[in-house]
Amino acid sequence: MRQIKQISILLLLVLCLQAVSFSQVKNVETVGFTVKDMERSIKFYTEVLGFQKMSDEEIYGEEIETVKGVFGIHLRIVRMKLGDEVIELTDYLTTGGRSIPEDAKSNDLSFQHIAIVVSDMEKAFAQLRKHHIEFVSTAPQTLPKSIPAAEGIKAFYFHDPDDHNLELIWFPKGKGQNKWQQPNGRLFLGIDHTAIGISNTGNSHSFYNVLLGIERKGDSWNKGTEQEHLNNVKGASLHITGYRAKKGIGVEFLEYVVPGPGKKYPADTRADDLWYWQTTFVVDDAHAVYDKLRSSDVVLVSEPVHLNYNKQHCIAFTAKDPDGHAVLIIQKL
């Protein structure tokens, strides 16, 4: 009996530790990226994709310099909403910031996109054609039976005016979240996930699941001509893993088994470079998360600072995942 009791206590401790590890991130609040011309980007996201402008603010000072890891910056941040989800466009009004290289590929480790859910792929594609967008995919692709987890999903990659990658995605019944089956007359419905290029699923899992506590929802192994022409990477064979917190946008890993990862995330990346994206995670205790990441040798851009962000007082810091993608950790006060 005594041994059984000890085992029960140990089991309870394990479950408690698991609960702690899975309670870090409450919400994946937004995904943001740097733009060159804010007015051009607002026009594109509203007129082409149906986003609505929520807020428009400027930030400068030591606090935001610390969080971004760049001295002498003045930012204009515009938040845009589609359905329940929000993206954040950041224009650096100070000089600097490099463009996305013309030879960037979908298997590069700096790759990140958002997947915009549509109710009708053909109509959405026609809307993009009307505005003369630049293709990444050769055409919308319908994923085949040979990819069971994604069978029947339609998808298409394209560029915004700054060459950021975006995706249209259509879910058949039985795939995706239930809300994507309730269009209510809308063509563009919301954002299902952000996808990031990674080099190793295990390493990324350790960061997002073990350290941040975002739950792993499923895996898919995608290959074939449809997947190749969706990503525009010849011979593409991917291990795709989906993660989701209790609320907000999902996070998806794209590990290219073939032809393997492309170029590494540039080590000298600054937050004002146009390929810079950040995913914002809301937590209960920013200092506790910071200490956990620091003890795990995670690359930390800043320590926690008090910041007025999106017209709200918060504690914030920036970290980098194993491949260099930026994550902004905030605790709302």
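Computed from the coordinates by the stated procedures, all read-outs in this text should not be read as laboratory data. Since the model is a prediction, treat every value here as computed from it, not as a measurement. Note that each Cβ is placed from the backbone with ideal geometry, even for glycine, and that neighbours are counted across all protein chains shown.
Let me know the shape class of the stretch 173-255, please: from the alpha-carbon gyration tensor, a ≥ b ≥ c as square roots of the eigenvalues, rounded when a/c is under 1.5, otherwise prolate if a/b is greater than b/c, or oblate.
Because a/c hits 1.5 or more and a/b fails to exceed b/c, the stretch 173-255 counts as oblate.
Given a Förster distance of 22 angstrom, what is the FRET efficiency for Ser295 paired with Asn203, based on the Cβ-Cβ distance and rounded to 0.05?
For Ser295 and Asn203, the calculated efficiency is 0.85.
Please work out how many pairs of lysine residues in the stretch 73-183 are eight or more positions apart (or on different chains) and have Cα atoms closer than 19 angstrom.
The result is 9.
Report the FRET efficiency, 1/(1 + (r/R0)^6), for Thr46 and Phe71, where r is their Cβ-Cβ distance and R0 is 30 Å, rounded to 0.05.
Efficiency, from the Cβ-Cβ distance: 0.35.
How high is the FRET efficiency from Ala149 to Asn184, r the C-beta distance, R0 30 Å, rounded to 0.05?
It comes out at approximately 0.65.
So who's got an amide H within less than 5 Å of the one on Glu85, skipping anything under 5 residues away but keeping other chains? H placed 1.01 Å off N, in plane.
Ile191
Please get the size of the charge dipole for the chain, origin at its Cα centre, with Cβ charges of +1 on Lys and Arg and -1 on Asp and Glu, quoted in debye to the nearest 20.
The dipole magnitude comes to about 1220 debye.
Quick check on the chain: take the gyration tensor over C-alpha atoms, sort the square-rooted eigenvalues as a ≥ b ≥ c, and tell me if it's rounded (a/c under 1.5), prolate or oblate.
Oblate, because a/c is 1.5 or more while a/b does not exceed b/c.
Calculate the length of the line joining the C-alpha centroid of the stretch 226-241 to that of the stretch 29-103, in whole Å.
Taking the Cα centre of the stretch 29-103 as reference, the centre of the stretch 226-241 is 29 Å away.
Can you list residues whose amide H is under 5 Å from Lys263's amide H, if they're 5+ apart or on another chain and H is modeled 1.01 Å from N?
Asp108, Leu109
Under a straight-distance cross-link criterion of Cα-Cα below 17 Å, which lysines are reachable from Lys26, leaving out those fewer than 8 residues away in the same chain?
Counting by Cα, and skipping residues close in sequence, Lys26 has these lysines nearby: Lys217, Lys246, Lys247, Lys292, Lys332.
For the stretch 76-89, just list the computed ³J(HN,Hα) in residue order, Karplus coefficients 6.51, -1.76 and 1.60, θ = phi - 60°, integers in Hz, with x standing in for Gly and Pro.
So the Karplus estimates, Gly and Pro as x, are 10, 10, 10, 9, 10, 10, 9, x, 8, 9, 10, 10, 10, 9 Hz.
Whole-Hz ³J(HN,Hα) for each residue in the stretch 138-146, computed from phi via Karplus 6.51 cos²θ - 1.76 cosθ + 1.60 with θ = phi - 60°, x for glycine and proline: what do you get?
Once rounded to whole Hz, the list reads 6, 5, x, 10, 9, 6, x, 4, 5.
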